[in-house]
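A short write-up of the structure that comes next.
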Amino acid sequence: MANHDIAYTLDVQGISCPANAVRVKAAVGELKDGELLEVLVDEGEAVLRVARTLKDSGYRIVKVEPREQGLSVIVSKK
């Protein structure tokens, strides 16, 4: 996925649950139709919490990619 498709990047690495999920939900709520949000998140419980929050809120996870540290999660509105 090209960087120009991503409207915003939010780094929540090192931020504990549930604060990371709250920040992600607020950021994705600001997306306009067709925009993508890249979320940089720690592996483990953090990514599970963020993914569950997004799904429960009606957003779509487009792609998950491993990074040198943590994961990149690409999110869109449904």
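Observations on the model:
- Residue within the stretch 17-37 that is assigned to a strand (DSSP E or B) and surrounded by 14 or more Cβ atoms within 10 Å (Cβ to Cβ) present: yes
- Among residues of the stretch 65-78, those that are assigned to a strand (DSSP E or B) and surrounded by 14 or more Cβ atoms within 10 Å (Cβ to Cβ), counted: 7
- Contacts under 8 angstrom Cβ, first residue in the stretch 59-70 being without any contact (Cβ under 8 Å) to a residue 60 or more places away in the chain, partner of a type in the set (Val, Ile, Thr) and outside any strand (DSSP E or B), 6 or more apart: 59/28; 64/47; 70/47
- Scanning the stretch 12-31 for residues that are within 12 Å of residue 59 (Cα to Cα) and touching a residue at least 40 places away in the same chain (Cβ under 8 Å) yields a count of 3.
FYI, it's all coordinate maths here, none of it is from the lab. Keep in mind the model is a prediction, meaning the values are calculated, not measured. Cβ sites come from the backbone with ideal geometry, for glycine too, and all protein chains shown count toward neighbours.
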